[in-house]
Each structure stands twice: as structure tokens, then as C-alpha cells.
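What follows is a single structure, written as C-alpha cells, with notes after it.
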Amino acid sequence: MCSKLLSMRSLIQPTNAILRQVLICQNKTTPNLKTFTTSPVTCVNFFNKLPAEKLWKSVTSVSNAGAKKGRGKGAGRIRIRDLNRGQVIGVGKINMLWPGLSAPVIRGRELLKQQRLPDDPDRMEKIIQLRDSMTKFRRIRLSPIERGWSGSRMPGRSIGAPDPIGEDVFTGFDTKVLQLRSLLIMKGSLGRTRNYQAMVVTGNGQGLAGFGLGRAKEAPAALRKAKNRAGQKLMHFEIYNGHTIFHDFYTAFGKTKIFVQKKNEGYGLKCHRAIKEICQAIGIKDLRAKMEGSNNLQHIVKAFFIGLLQQRSHQQLAEEKKLHLVEYRAENEYFPKVVASPSEVRTKEEIPKDETLDFTQYVMNDKVILKKKKFPPFYESMPHYKLHLKKYEKYRNHEKIRLNLKSEYGEVKSFLTDKYPEEKVETET
Amino acid sequence: MTLLFSKIAQNNIKTVITRNNDLQILTISYRKLSIVPSLYDGKEDPAPKFFSSNVQVLLKRLTRPDFNKVFRKRTNSGLAVLRTPKYKFLTNEELEAEILKANKKADVLLQMPPVVKVHQPVDDVLSKDPALVGYDSAKYLFTDITFGIANERRLIVERDPDGTLRHCGHDVRKRLNQTYFPIPGRKIKEPMMFTNEDRFNSLLDRQEYEFLLDRACLQYEPDEASYQRITSITYQHIDMNKSYDLLRSTRHFGPMTFYLTWHQSMDSLMLELLQSGAVREGVLLAALRQALLGDVANGDNAQALAQQILPTPIQLAKPERLTEEDIQLDNKCVECIEEYIVSNSAMKSQQELALQGFREHYQQLIELSRGLKKAHGNA
């Protein structure tokens, strides 16, 4: 490609030489017939015959077969530049003052005259810089807050509240993109065409949330459709103590299985990133979710929403079991707090022997999460680790001692420090 | 019997002495606060009265334990992170058993720090051996570290350079006990919050009373003068600011009430009770005074009334409906307190005003509940 450009430059020079000759001929007052030739002088050439568009095409085009192989993409690709950019009529290589073109005719009371000004040595450099900036690929830089799951790609990014319907405005809502992908579909008349599909979740962080799927020819349109559809399908979820779900549950959609666990305050959201976005949209702050089987994103979303909808409140659970539901918290010294009581309570004799009374087992519908055994790290069986343990055993309380000394004396010192003050002076110097 | 002896350099004795001097300076400087600590160092020992079951019951009832506060989340509950709550399905019987267990746990949490007399200095020479004079320039300490002996009964003796063998003083005993049998959380050196006046005052100003008292319980023995001085200043500060509610439902409310009653300065507590409409507790307080000091007019009546009050449930909030028995009991209480105000109170006018306010409020309540009962019929 570069060689092509070089060859263009070599073409330009001979044409200039011809033009100069022609000018010289015109300046002579008496034409010299000896130099007169009847052979035609061609002032039309490749460069002034064709428009810029075609010239550029000849440089940048890639054959059909080449394009299929992926040529003309990536690094080293020649891009079309607008050579007129940065150029102004009346300003050129030679810095001339043209009254009426590049300067006013009258300045003050003085009539300006056509004159040559000192040359601007940086002019060409500036223009070249401008041309380079057009062609060089620039990555869209997002602020860390705006970034999605992976840089500037759409999944994980926020696209604002759904559009208002009439006078109903979605205040406090925010929409997160969960998936944006292109689908190829075959059409009888058009052949293979590209469609975009988007899945988003919208919510106000206070219990209202919904998800939507949108398809369109263009990605932004698909996102907009999905967002507005999500706004139309809002569901309300109760949040326990404003931070978590009511109980552990198991949920599945297709081959996707999710085990969701209720967690304490401050635990955070430890789950698939899509589930995390959904939880944030709803307003759930603490939860753990373990996935099994297929990790098809649309199935994950659907399974999680179904699971949330199938939750039972504490009162419902108590009524189902006809037993008191009692909560024990470690931070409250395991004080039995009755969270729900049924209208009538069964006695011990009325409970069948094989009934599941364990709360977790009951709410999980007798499903059990597979807990894999944790193996010790590989290095623990190696000799160097034992050596390390031996070596650092004597330092094991040093941090605590340092802290204690600092709190007591304001510095790390021993009982010998006061006895030998000269040592302290030495270490300081 | 295993014996361990340690050798303490002469200058250590000096540090002990200087520390004692520090304490004296501190007691003087607390007077800037215009709080004079009063210790249980008089002739009479408060322990028999404090431990008598009658007084203990009264003090526990006056604590007004609210389980939401007794079992509240604490910053020092020993958990680095919170745990996920656990749930259980329980039948009625099981729930009752659990509540019974929780009550027992609450009793443990609300166990009051003992109130006892300040200990006497130890001066008990075991023997004098002139043959050992000048044997060493340091004194020797011998500690019996046999397993299973209570710290206060442990044998700890010292041999001075002049050949005297004697029992150690309380300070040395405490240090050695802490060295060989450390109590978790107790420091050998006194914490800065107790020794540094500014820090101590800043804690008082921030009303961190419970923290102060808890730490004092951990650091000191109840018969130490330092403990009694610190608690005394804290109780008086609470009394001055009338922030009794901060100590309610904690184990320190009983000793505080005991302290105030013992020193006959429980009238602002009585005023607070009357202002908050807790006349029954007012009667209990009068009964407590009768039990401790025996100077309440018609005190036997108050004590008899207290026995009637104790079986009734604790009123954590102001009642909305009243039964006839309630009205009867409360009227008796009001009469009893009237007598108390006339004969014993140091804040007569204020307390009378508060009682008058209670009466008016109570009259409205009676009318309301009687009217409601009439409206609903007698069923």
C-alpha cells in the first residue's frame, strides 16, 4: 500500500516540470519556432482527471476475495483522509496577504496592499498532524463509573430510565444492559441479515424491577426497545429488612439451576454478574448464588426472577407449617425472636415423624447444595513451607506487641531504652 | 505445692510508690468536675445488704430489663463479621422452653457487679530473719501457682532485703495473679482511660457510661479503691445529667441505684421515675431505701406494697388500658409516694409537681379505659 503512495509522489514531479516549461514558453516574447513541436502536450493526467473519491478508492479498496479473507482491516489499514481539512482559501505555502480574501481591504484608515508576509514554518506540520488525527483509531474512553463488565462494551452498562409513557415518568429507575448480541437470520428476498438482540433489567432499587428483551436492526434501537419493554413488565419484590431475601431457595429454568442463599448484612452480592445487576436493580444488598448446569444468560435471568417470585414470606411459612418461626442471631446472643406465628399451632404429637422440620431443608424443597471438599493448597505439603513456618514462628506476636507498645509509650521501645539512652542517639544519627 | 519466685529490682518498688502518688493527685484533680468520689469505706459494710435477696430482687426490678436492649447488637460481641441468622420451626412448648433459656441467659447478662467495702491494706509479717540481712539487694517474691486455687486465696509472699518475710500488698498480688493466671482483657498497667484525666472526662462527656463501667469491672476488683472511685464518679455524672436510661437494662443500673440510695441522693432518680409515670418503681425505690437505711416514714407499708408490685409484669411503656386491679394498685402507690415526699424527699416541690402531673394524666386514662369498657359491654 505504501509503495502505491510513493509512486503517486514520483508521478507528481514530472508533471510539475512540464508545467514549468509551458510557463517559460509563455513568458518569452518572441516564440522560438525551433522548439515548437506539433506533438500534443497532455495537461490532463490521472490526478486531475479523476475525482478524489475515486482516487482514494483505488488506494484503499480491497478485492472481494481479499475482503472475505479479512484483508484491509486492523493495523496498517489505509484510511481515507480529507486533504481539504485545515486548509483555508487565501492561505498557502507562501504566506501572502490578499486584501479582500485573507484580510480586510481597509484597516483603520489605511488601504491594505497585497504583500508577502514572513513564512510560517509550522503550517505544514499542523496540517499533517490534523490529517493524522483523522485516521488514527481512537478507543472510546469511559469513566470508571460508566464502564460495563468489560470496558466500553454494552453489557453491564447503564442506559438510564425507561422512556415516559404519557405522563407517567419512571423516576428513580435505572436500566442495566445484561446482554447485547447480533443474530443472523435468513430472509427469502435479502438472504442473510443481521439483527441485534438486547436483554436489560430495570429497577428503582426499592423492590420494583423488571427485565425485557428487544430485537432490532441496530443495537441502540434494540436497547431502547428492551428498556421500554422492561419498564412495562415491572414486578414488586419484598426485601427482608431492606437488605436480603426472605429465605434460601432453589430455582431452575431449562438446564440452568441456581441455589440462592440469604446472607447477613454486609455480606455483599456474591453471585453471577447478571444476578448481581438484577439484585442491584431490585435493591437486594446481601446474597449468595451458586449456579449449576447451563450458564445461558437469558435462562439465568428468568430462573432468578422465577425464584424470587416463588419466595414465601415468614407468615406464609408459619401458616404452612402451623408452627412458630423463630429467628436466632449470633449478634443478639441467639435470642429467640418470633418472626411469625400461625393462627393455630400444632402440638408435637400432631407432627408426623418423617416431616422435614429443618428450616433450610424445607425452603429448599429438600434440595441439597453440593459442597465440595476444600483441599489444602499445594505448597503446604512442600518442605519449604515447613521451613517458612519454623522461621516465622518467633515473629508471630510481634505485630501485636508493636501495637501495644505504641499505644502505651507512643513508640516501639523496650525496658532497656531508658537504661541506655546513648544507644538511641546512635541509631538516630 | 509448686512455688515460683521472682526477683524484683529495687527501683520497681519506687514505681509502685510513685504510682500511688499519682493516684492521690488524680483524686484531687477530679474535684475540678465538682464531683467528689465517695467510696464504701465507712464503718458499715454494704455487702450483706447488697447481697440480701430482698434488695437483689428490688434492684433487678428497678433495672427494668427490656430484652431488645439486653440482647442488643454490641460492637464488642466478639464477631469479626456478622453471621447469617438461623431459623427454626417451633411448637408452643418448644418456644416456651427457648424463652425460658433466654431468660436464664438474660439473668447471666444482667448479673450485677458486687458492691463491697474497700479492702484494708495488708500488713502481715510472717517472720523476721536477721541472718538474711544483706543477702541480696533485691526482694524476692514467691507465688503459689497450684492449679485450682482462687486468686484471692493464693499464697503470695515477699522476702525483703532486710530479711522480713511478709504477705504481699494488693497491688503486687494483682500483678502476679495477672502474670501467672491472666484474665483476658485485663492489663497489667492501668489503661489510659482511667489514669489520664482528660480521656476519662471526655468519656464522661460523651456519655460512654456503659463502656466505662464494663472496662472498670474487667480491670479492677470490686473491693479496690480505684474501682470504687471510678464508678462513683460515673454514677454521680449520670445522676447529674439524669441519663438513667442509658444504664437501664444493663447490669450496672442496680449498683448505681444502690450507690445513690446508700448515699441518700436518689431523689433525682425518684423525680425521673415520677416524671416518666413509673409510680410503681417509685415505690420500689422507697422500699429499697427503707431496706438500706430504714429512715422512710411508713417504710413497712412501702415494703409491703413492693411485694404486691413484684409479681406484676414490668411496664416497659406507658399502659394504654387499665384494669380495676391496676387502678387500685397505682392509687396505693401514689399514696405511698406522697408520704415519702412529705417526710423524706429533698426535692419536695419538684416531685410534688411531677406527681400532680401524673395524677392528672392517670385520671384521663382511667376515664378512657372505663368509658371503653362501658362501650364494649362487660363481656
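The values are calculated or read from the model by the stated rules, or taken from the named source; none is laboratory data. Fair warning: this is a prediction, and the values are worked out from it, not measured in the lab. For neighbour counting, all protein chains shown are included, and Cβ atoms are generated from backbone atoms with ideal geometry for every residue, glycine included. Note: accessible area is taken over every heavy atom of the protein model, side chains too, but ligands, DNA and RNA are not part of it. Shrake-Rupley method; radii C 1.70, N 1.55, O 1.52, S 1.80 Å.
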### Message
In the range A:356-390, what residues drop by 20 Å² or more of accessible area when the other protein chains are put back, versus the chain on its own? Use 1.4 Å, and skip ligands and nucleic acids.
### Response
A:Leu357, A:Phe359
### Query
Which whole number gives the average, over all residues in A:261-268, of C-beta atoms from other chains lying within 10 Å of the residue C-beta?
3
### Query
Percent relative contact order of chain A, based on C-alpha pairs within less than 8 angstrom and at least six residues apart?
7 percent
### Message
Given N residues in the protein assembly as shown, what is its alpha carbon radius of gyration divided by 2.2 N^0.38 Å?
### Response
1.61
### Task
Any aspartates and glutamates with Cα under 17 Å of the A:Lys367 Cα? List them, leaving off those in the same chain fewer than 8 positions away.
A:Asp248, A:Glu292, A:Asp354, A:Glu355, A:Asp358
### Query
Quick one: what Rg and Dmax do you get for the range A:81-138 from the alpha carbons, in Å?
15.0, 50
### Query
Based solely on its DSSP helices, what 222 nm [θ] is calculated for chain A when runs of n ≥ 4 H residues each add -39,500 (n - 2.57) and the sum is averaged over all residues, nearest 500 deg cm²/dmol?
-9500 deg cm²/dmol
### Coordinate range along principal axes, alpha carbons of the range B:138-241, Å, largest first
53, 31, 19
#### Entry: For the range A:35-170, the Rg and Dmax computed from alpha carbons only, in angstrom
26.1, 87
### Message
For the range B:294-379, take every pair of Cα atoms, bin their distances at 5 Å starting from 0, and report each bin as a whole percent.
### Response
3, 12, 20, 20, 20, 14, 6, 3, 2, 0
### Task
With a probe of 1.4 Å, find how much accessible area the protein assembly as shown has per residue, and write the answer as a whole number in Å².
63 Å²
### Query
So, with a 1.4 angstrom probe, what is the percent of accessible area on the range A:249-363 that is carbon and sulfur?
46 percent
### Query
Listed here are the pairs B:Lys73/B:Lys242; A:Lys302/A:Lys373; B:Lys60/B:Lys332; which of them are more than 28 Å apart at the Cα?
A:Lys302/A:Lys373
### Query
Where does each of A:172-183, B:230-241 land if you order them by average Cβ count within 10 Å, highest first?
B:230-241, A:172-183
### Query
When the Cα centres of the range B:159-197 and the range A:155-187 are compared, how far apart do they sit, in Å?
71 Å
### Query
If you roll a 1.4 Å probe over the range A:81-138 with all protein chains in place, what percent of the accessible area is carbon or sulfur?
54 percent
### Query
Ratio of Rg to Rh for the range A:380-428, alpha carbon only, Kirkwood?
1.22
## Note on the structure
Sorting A:Pro155, A:Leu190, A:Asn228 by the position of each Cα along the dipole of the range A:108-262 (Lys, Arg +1; Asp, Glu -1; all at Cβ), the one nearest the positive end of that ordering is A:Leu190
### Summary
With the dipole of chain A defined by +1 on each Lys or Arg Cβ and -1 on each Asp or Glu Cβ, the option from A:Ala303, A:Ala75, A:Gln361 whose Cα lies farthest towards the positive pole is A:Ala75
### Task
Report, to the nearest whole %, how much of the accessible area of the range B:163-314 belongs to carbon and sulfur atoms, 1.4 Å probe, protein only.
50 percent
### Task
Give the residue from A:Leu317, B:Ala225, B:Ile156 lying farthest towards the positive end of the charge dipole for the protein assembly as shown; charges sit on Cβ (+1 for Lys and Arg, -1 for Asp and Glu) and the dipole is referred to the Cα centre.
A:Leu317
### Summary
In short, the range B:51-84 residues buried by 50 Å² or more of accessible area relative to the isolated chain (1.4 Å probe) are B:Phe71, B:Leu82, B:Thr84
### Query
Once the mean 1/r over all distinct Cα pairs of the range B:226-379 is inverted, what Kirkwood radius in angstroms do you read off?
16.5 Å
### Summary
From the cross-link list A:Lys386/B:Lys187; A:Lys321/A:Lys348; A:Lys276/A:Lys322, the entries with a Cα-Cα span beyond 24 Å are A:Lys386/B:Lys187; A:Lys276/A:Lys322
### Message
What are the extents of the Cα atoms of chain B along their three principal axes, in Å, largest first?
### Response
95, 56, 37
### Query
With no solvent and one point on each alpha carbon, what is the Debye value of log10 I(q)/I(0) for the range A:217-335 at q = 0.11, 0.14 Å⁻¹?
-0.44, -0.69
### Query
Hey, what does the equivalent ellipsoid look like for chain A, semi-axes from the Cα gyration tensor as sqrt of 5 times each eigenvalue, largest first, whole Å?
74, 40, 25
### Message
Using the Cα atoms of the range A:300-373, I'd like the radius of gyration and the largest Cα-Cα distance, Dmax, both in angstrom.
### Response
15.0, 43
### Task
Could you tell me the total accessible area buried at the A-B interface, probe 1.4 Å, in square angstrom to the nearest hundred?
2900 Å²
#### Entry: Whole-angstrom gap from the range A:391-411 to the range B:206-276, using each part's C-alpha centre
36 Å
